[in-house]
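The values are calculated or read from the model by the stated rules, or taken from the named source; none is laboratory data. It should be emphasised that the depicted structure is a prediction, and the values quoted were computed from it without experimental measurement. Cβ placement follows ideal geometry from the backbone for every residue including glycine, while neighbour counts extend to all protein chains displayed. We work out accessible area using only protein heavy atoms, side chains counted, and drop any ligands, DNA or RNA first. Shrake-Rupley method; radii C 1.70, N 1.55, O 1.52, S 1.80 Å.
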Amino acid sequence: MDNTPISPLTRKQQVSRWNELASNLNIQMPPLQSMDWLPEPHGFTMMEAISGPHVVPMAGMDVLELGAGIGNLTVLIHRHAPKSITATELYAEHLETTKKVMKLNKEDDSSVRYVAADWLSVGGKYDIVISNPFFQQCGHRNRRYFIDELILNSHKVLRERGYLVFVQSSMAGLQKTLDRLKENGFSAKVALQAQSPWRSYYYDDPGFLEYCDTVPDAYKLDEDGNRIETLSVIQARLNPWVPHRSLATKVKTILCNNN
């Protein structure tokens, strides 16, 4: 397939959409620093999901937000009156922007814990884990690395029957994600979907272009030939699980009880 971009999403369009959404949701933002990540369609879709009735209620819950970034989701989560929020970033300096945005929006962050932590190494147990995991620019050979990490290991920080809420592109393979969630004890559903033109930098990575052509339903073409990705906010509940006890363990338990 011809990989020449026709009309990709430009940074100007991205900034315009961000300003519109921030205004509609009444989120105030300071000027972004060079290290801050400008929200993109993945983040926009998460903002719409969290600001509306699309995801699990958060009132009174302990919420872990992996990758708080510029704090746009942190503000929206806080407005649901959770019991607590643990907002993480890999580097402490990135959390300074999160704190500024919370204060700028007059959100009382006394129930917010800001933690510099590497992904799921934060520790503790939570009712809800929320994330916008890296994908195209994840820095790993497996572009699904952070998505798969959530599926495989979020149980370590989730309470039983807790919820995992995250967003992913159709280019990551929606059905693969739903299947892997089921395999790992989650009951999952798509809470919200949105469509967006490919971003210009997608076309700068030949390996990514090759990868996308191997993924079923990775993207669609509009009438002008533009590649369109579908962004899905997925809500998955962790089901109870009791490890199987082997026959040998059962026999040992019986003998011990009889002595």
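Those residues that are open to solvent by 10 Å² or more (accessible area, probe 1.4 Å) and either among the polar types (S, T, N, Q) or within 16 Å of Ala218 (Cβ to Cβ) (or both), I need them from region 139-169; list them, please. The answer is Asn142, Arg143, Asn153. Which pairs turn up if I take residues in region 148-162 that are over 15 Å from Phe134 (Cβ atoms) and look for partners that are acidic (Asp, Glu) with beta carbon separation below 7 Å, at least 6 apart in sequence or on another chain? If the second residue must be acidic (Asp, Glu), the pairs left are Arg159/Asp127; Gly162/Asp127.
Of all residues in region 1-27, those being at pLDDT 90 or above and either basic (Lys, Arg) or part of a loop (DSSP other than H, G, I, E, B) (or both) number 3.
Within region 213-246, restricting attention to residues that are part of a loop (DSSP other than H, G, I, E, B) and polar (S, T, N, Q), the residue that is most open to solvent (accessible area, probe 1.4 Å) is Thr214. Just checking, how many residues over region 82-106 are outside any helix (DSSP H, G or I) and either at positive phi or touching a Ser or Thr at 6+ places or on another chain (Cβ under 8 Å) (or both)? The number of residues fulfilling the criteria is 7. For beta carbons closer than 6 Å, sequence separation of 6+ or different chains, a first residue in region 60-76 that is assigned to a loop (DSSP other than H, G, I, E, B) and a second that is of a type outside the set (Lys, Arg) and open to solvent by 20 Å² or more (accessible area, probe 1.4 Å), the qualifying pairs are Met61/Asp127; Ala68/Glu89; Gly69/Trp37; Ile70/Asp36. Count of region 75-121 residues, restricted to those that are out of contact with any Gly (no Cβ under 8 Å at 6 or more places or on another chain), under 25 Å from Leu152 (Cβ atoms) and buried (at least 19 other Cβ atoms within 10 Å of the Cβ), is 3. Within region 125-146, if we keep just the residues that are modelled with pLDDT of 95 or more and not polar (S, T, N, Q), the residue that is farthest from the chain's Cα centre (by Cα) turns out to be Lys125.
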